[in-house]
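Student: Take this structure, written in structure tokens, and hold onto it; I'll ask about it next.
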Amino acid sequence: MTLHKNYHWRIAGFYFFYFAFVGMFAPYWSLYLQSIHFNAMQIAVLMSVQPVMRMLSPALWGWLADHTGQRLRVVQLAALCSILSYLGVFFTTEFVGLLLVMMVMSFFWSASMPLVEATTLTYLGKHTARYGRIRSWGSVGFIVAVLGLGYAFDYIAIAWILWVGVAIKLGVLLFARQIPPTEVVAHHTDSQPILRLVLQPQVLILFGACFLMALAHGPYYIFYSIYLVENDYSKSAVGWLWALGVICEIAVFFAMPWLMSRFTLSKIMIASFASAVLRFLLIGWGVDLLSLMLFAQVLHAATFGSFHAVAMALVHQFFRGRHQSKGQALFGSITYGAGGMIGGLLSGPLWEHWGASVMYSFSAAAALLGLLLVLWKLRIVVLPRSQSDATL
């Protein structure tokens, strides 16, 4: 498909609202749960529902999209069902009730992003290095939500977060209907079972390393806001710290074509994992110094921005043709899903029994294991100057 500006903005709009919801949920939903008197273990379980569903549901939705050839119809159906199921949060503040609501909502919510990622990369064709510039609009949406709500919650009750979620999900539904159709180009691997592609050594190493990075981030996404507030940071300051990380992430997304043309993807990945080790140690042991917290958030440019862009380029390289949606879904399930779920569930007992410093040291250790895995096996060549697809 020829790149078209209108199509660019349609996809960018979906990313904007999708990650605006993440910008609402990740920093502030735990504060809402705390406000209705859930303890740390209950918060950890409820906040881990989304990673659990990201592990279980994308493979089903990816198979459905590839089997029917109706990728965008599946995205639209998932967006509609997600907002309808989310409305349940208005009717219960009980643990079991909220658990059920969040399970159903997350089942549909988790369907969309792997399919949209596959659509975006298909739309870009040979220009996958430009992926970050479209994906950066998701980061902009995250910043708008996290900053706006950070200031708002200094003045209004945290319970207003429920209505914010409805408004953002309506935006997701609107742009789900605007995403352009893309033609899936036949590939020589179409006749191969997807398990054969997954079991390639390079794919297993990539998935394993990315699983560890997601595991490392689990405690960050669940307890970071609570951690800051308990150490006397205002909610607006919390919002700015979240936003700073994503601002740096946007800068890296725009710089990725330049970076990919000058450094091997393995070097970018190694730098991302090394930055994660340092970042989580700083968060765990330097919370009393604002300067260290600011620097730790700057490192988000590497621990998510460059890391995610390289991972998407590699997944797109390994899974082509009719396996695109399933490949993206499996990657999301195994890495962000399973890794985020396990990291989130472990964060509860780590927080309660050993405290934040030990919990974030655990995150640093997981990132270190990922770094060692990349150093041990991952060998990736430089993207050519034309910024064509990466290869192993």
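Student: Report the extension gain between Trp258 and Leu375 in nm, rounded to one decimal, defined as 0.36 nm multiplied by the number of residues separating them, less their alpha carbon distance.
Tutor: Net length gain for the segment: 39.8 nm.
Student: Between Phe295 and Ser35, what is the label-point separation in nm under the 7 Å Cα-to-beta-carbon projection?
Tutor: 3.5 nm
Student: Of Ser110, Thr264, Leu84, which is farthest on the positive side of the dipole of the chain, counting Cα position, with +1 on Lys and Arg Cβ, -1 on Asp and Glu Cβ, and the Cα centre as origin?
Tutor: Thr264
Student: Same structure, new question: Do any chymotrypsin sites (Phe, Trp or Tyr not before Pro) in segment 40-140 lie in a DSSP loop with no more than 12 other beta carbon atoms within 10 Å, and if so, which?
Tutor: Phe91
Student: Loop by DSSP (not H, G, I, E, B), at most 14 other beta-carbon atoms within 10 Å: where is the longest site-free stretch of the chain for trypsin sites (Lys or Arg not before Pro)?
Tutor: 178-378
Student: Consider the candidate values (1) 128; (2) 119; (3) 174; state which one is volume of the Cα convex hull per residue in Å³ computed from the structure displayed.
Tutor: Evaluating volume of the Cα convex hull per residue in Å³ on these atoms matches (2).
Student: Can you grab the distance from the C-alpha centre of segment 222-298 to the C-alpha centre of segment 305-337, Å, no decimals?
Tutor: When both Cα centres are located, 23 Å separates them.
Student: For the chain, what number of Lys pairs, 8 or more residues apart or on separate chains, have alpha-carbon atoms under 24 Å from each other?
Tutor: Within the chain, the lysine pair count is 5.
Student: Treating the beta-carbon of each Lys and Arg as +1 and of each Asp and Glu as -1, no other charges, what is the dipole magnitude of segment 9-142 about its Cα centre, to the nearest 20 debye?
Tutor: 580 debye
Student: Keeping all protein chains in place, calculate the accessible area per residue for the chain (probe 1.4 angstrom), answer in Å².
Tutor: Accessible area per residue, the chain: 40 Å².
Student: I would also like to ask the following. Short version: ³J(HN,Hα) in whole Hz for each residue of segment 239-245, in order, from phi by Karplus 6.51 cos²θ - 1.76 cosθ + 1.60 (θ = phi - 60°), x for Gly and Pro, what are they?
Tutor: Karplus-based 3J(HN,Hα) across segment 239-245 equals x, 5, 5, 4, 5, 4, x Hz.
Student: Another question about this same structure. Can you work out the PRE-style zone for Glu352? Point 7 Å along Cα to Cβ, and I want the residues of segment 28-42 with backbone N under 19 Å.
Tutor: 30-42
Student: Quick check: at a probe of 1.4 Å, how many percent of the accessible area of the chain sits on carbon and sulfur atoms?
Tutor: For the chain, the apolar C and S fraction of the accessible surface comes to 68 percent.
The values are calculated or read from the model by the stated rules, or taken from the named source; none is laboratory data. Worth saying up front: this structure is predicted, and the values here are computed from it rather than measured. Methodologically, a virtual Cβ is constructed for each residue, glycine included, from the backbone with ideal geometry; neighbour enumeration extends over all protein chains shown. In case anyone asks, the SASA skips ligands and DNA or RNA and just uses the protein heavy atoms, side chains included. Shrake-Rupley method; radii C 1.70, N 1.55, O 1.52, S 1.80 Å.
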